[in-house]
Amino acid sequence: MSALDEIRVVFFQECDDQLQELEDGLNAMSGGETDDDTVNRVFRAVHSIKGGAGAFDLHHLVRFAHVFETVLDEVRSHRLEAGDAVMAVMLRSADHLRDLVAAGRDGEAADEARSAELINELETLIGGPREAHGAAEGDDEDGGASLADFEFTPVAVDWGAMLGGDGAMPAFGEPAALPTDGPLFQIAFTPRRELYAKANEAAVILRQLGALGEMSVACDTSRVPTLDAIDPEDSYLSFAISLDGEGIAESAVREVFEFAEWDCELEITPRADAAEPDVGGLAVADLLARLQSEIASEPDAPATAETRPEPVVAAEPKPAAAAKPAKDESGEPKGGGEAPGVVIRVELTRVDKLIDLVGELVTTQTMLAQRIEEAELPTGSEIAGSIEELDRLTRTLQDSVMAVRAQPVKSVFQRMPRLVRETASATGKRVNFVTQGENTEVDKTVVERLSDPLTHMIRNAIDHGLEKPEDRLAKGKPAEGTVTLSAAHRSGRIIIEIADDGAGINRPKVRQIAVDKGLISADAMLSDEEIDQLVMLPGFSTASTVSAISGRGVGMDVVKQSIEALGGRLVITSRPGLGSTFTMSLPLTLAVLEGMIVRVENETLVVPLGAIVFTFRPQGADLQTLGQGRTVNVRGSIVPLIDVGTRLGYRETPADPLQGVAILVECDNNRRVALQVDEIRGQRQVVIKSLERNYRPVTGISAATISGEGRVALILDVDALAGDKSLDSFIFGLDQVAAE
């Protein structure tokens with residue numbers, strides 16, 4: 001990979017960050033937060049994307065971002081109010097900007113028709129095209145205004161009055177003595193034609209400079225030719241700028257020119273008493289001297305992709321007037337001047353390799369602990385103590401490494417507002433989209449595979465769940481429906497819910513559709529919960545017509561399969577007239593699991609610890625037989641007793657429950673069952689290996705691991721064992737007995 005390719009990769013990575021900043025800022029503005037800081041943050045994101053795109057000749061992206069930036073500049077200058085209509089256009093523009101970035105990254109053609117449509121909408125907001133921004137891509141003969149449309153008179157510039165001294169403007173590249181009086185900074189700025197070709201504007205740059213302090217500008221028009229000789233894409237003007245004010249750092253001045261410094265002639269002359277630019281509290285001269293000293297002291301070595309350090313950019317100080325205390329998530333200022341953590345970029349393959357090695361370490365430690373246990377060494381022996389210390393360190397290392405892969409679900413949640421806007425527009429419904437728990441962390445592999453299930457369920461919530469505005473008003477509801485997407489940690493798992501306040505599931509209609517499609521028999525006895533689950537059967541759809549959103553009977557069954565492939569479960573709850581909730585329960589990680597080791601017919605099995613309520617030994621008085629199954633009375637509640645050995649086919653006849661151990665487990669739908677095993681061997685942290693990838697799916701088994709004996713041990717799928725159809729009928733019978 002060439003150096004330019006590496007820079008390109010970094011640019012698109014930073015684009016992702018800027019796009020997220022843009023999305024956050026626009027959502028905040030939509031919620032009424034139109035303060036200067038928020039608007040400036042949004043403007044800065046678009047400006048940064050535009051500036052970097054120009055370096056890679058992404059002309060369509062530059063042109064669109066420039067128009068978008070112009071509208072944002074009107075908003076931050078308080079000449080355009082960020083009302084609902086304006087925000088709707090800017091949100092769509094942000095979506096399209098993301099598409100243009102993706103097209104540039106993948107080398108695909110930009111959607112020019114969509115760009116033209118949105119550019120027209122953006123320009124309409126500000127009363128038409130501004131400052132001939134089309135020059136970034138080249139204007140045709142009839143597009144844009146020419147200099148002939150304006151009257152101007154060349155103005156003689158008194159450089160002596162502007163710059164002091166003898167009035168001579170120092171030539172670019174010549175060292176100039178620092179002035180001892182006058183303005184804090186004297187700036188000589190001459191744009192080249194490349195600056196305008198990349199959609200930068202001298203007027204915008206000057207406006208940003210003016211925001212730093214008191215500024216005066218003189219324009220040198222001596223190089224402007226006659227009208228018949230003017231090249232509309234060339235640059236003929238130079239600017240002499242005086243900038244004064246308290247607390248302005250040179251770094252803040254240079255930051256204004258950061259995307260234009262390669263395309264202009266620039267000289268910034270600070271006053272002798274001006275503060276030297278500071279990086280993290282260290283003067284630039286001192287920093288350069290230190291770097292040169294360190295480089296000189298190191299042995300010569302080629303800089304390779306493996307050895308090249310990641311660049312660390314320290315935050316530059318802002319003007320004192322603009323400084324504000326940092327705030328935490330609750331909005332309270334952080335105390336003590338807490339410094340932000342340093343972030344580095346690491347290839348994912350390296351992290352995966354590290355996790356695999358730690359997984360092997362966990363397996364080896366488990367096997368070693370098993371061998372020590374079988375040796376029956378005294379509890380207080382040195383070896384036993386060392387093994388306990390090794391176990392503690394291994395767990396700490398495992399947790400630390402897994403934390404590296406942990407990511408907040410925010411990265412997925414923030415893709416959904418665009419989906420909501422598009423679906424609401426397609427269905428003609430008004431939707432208030434609410435997200436909660438965006439900072440809930442989960443393993444990266446889980447995060448990456450959440451997008452498709454969430455997309456299907458949110459579309460369904462809007463298309464099938466929410467009513468039309470007029471129907472909601474007729475029912476006494478607000479015209480705008482609410483869809484809530486939330487995430488939280490619970491019992492060692494992540495729970496993600498998609499809830500709507502719509503009409504709920506029409507159970508008689510769902511049942512009839514299932515009968516008509518042959519999915520269930522007409523005389524089937526189903527509970528309300530079982531009827532709700534019918535919507536996840538392949539081929540099921542309540543839509544009367546096929547549309548771009550739904551109607552083909554494909555969606556919820558795919559969602560269910562995707563979630564189950566992650567070791568999760570999907571539960572539906574609905575209240576007619578009040579809405580529905582789809583709950584996904586997923587493991588926090590697909591790499592390790594805390595489990596209880598059990599024995600069944602000399603086979604080693606693992607029961608996930610997060611599903612276990614407690615263990616007990618059944619008593620004869622607590623056992624009952626109901627049809628083909630057994631029940632056990634657990635603290636006054638009758639629950640099914642499942643013999644794991646017969647359920648998995650290890651034995652043909654059930655074992656005597658009085659000779660074994662029962663484990664009370666709770667499933668995702670709050671159903672409790674007792675699992676009967678022969679023996680409990682202890683609690684271990686195990687490394688998960690996919691059974692489906694290495695063998696095939698097995699009902700009742702979610703994955704596999706390596707036991708302390710070095711053998712394959714199967715990890716039980718508690719929800720699959722408790723969700724067997726025969727067991728459902730059995731529990732339905734229990735409910736009938738309880739009702740009687």
Exercise for review: Would you please list the contacts, defined by Cβ atoms under 9 Å and residues six or more apart or on different chains, that run from a residue in the stretch 77-95 that is without any contact (Cβ under 8 Å) to a residue 60 or more places away in the chain to a residue that is outside any helix (DSSP H, G or I) and buried (at least 17 other Cβ atoms within 10 Å of the Cβ)?
Suggested key: Arg79/Ile126; Leu80/Ile126; Glu81/Thr34; Ala82/Thr34
Check your understanding: Does Leu22 satisfy the criteria of being in a loop (DSSP other than H, G, I, E, B) and touching a Leu at 6+ places or on another chain (Cβ under 8 Å)?
Key -> no
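From the list Ala45, Ala88, exactly one residue is touching a Leu at 6+ places or on another chain (Cβ under 7 Å), in a helix (DSSP H, G or I) and under 15 Å from Leu26 (Cβ atoms). Which is it?
Unique residue meeting the criteria: Ala45.
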Practice item. State yes or no: is Glu388 closer than 23 Å to Arg711 by Cα and either assigned to a loop (DSSP other than H, G, I, E, B) or under 20 Å from the mean Cα position of the chain (by Cα) (or both)? Key: no
Check your understanding: Quick check: anything in the stretch 705-713 modelled with pLDDT under 75 and surrounded by 20 or more Cβ atoms within 10 Å (Cβ to Cβ)?
Key -> yes
Check your understanding: How about the stretch 233-247: which of its residues are assigned to a loop (DSSP other than H, G, I, E, B) and at pLDDT 85 or above?
Key -> Asp234, Ser235, Tyr236, Leu237
Practice item. Count, please, the residues in the stretch 185-205 that happen to be among the hydrophobic types (A, V, I, L, M, F, W, C) and farther than 25 Å from His60 by Cα. Key: 4
Revision key, fill the gap. How many residues of the stretch 602-630 are in contact (Cβ under 8 Å) with a residue 60 or more places away in the chain, more than 16 Å from Val644 (Cβ to Cβ) and in a strand (DSSP E or B)? The answer is 1
Practice item. Run down Val639, Val686 and say which single residue is at pLDDT 75 or above, under 33 Å from the mean Cα position of the chain (by Cα) and crowded, with 18+ Cβ neighbours inside 10 Å. Key: Val686
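The values are calculated or read from the model by the stated rules, or taken from the named source; none is laboratory data. Since this is a predicted model, take the numbers as computed values, not measurements. Glycine also receives a Cβ, built like all others from the backbone with ideal geometry; neighbour counts cover every protein chain displayed.
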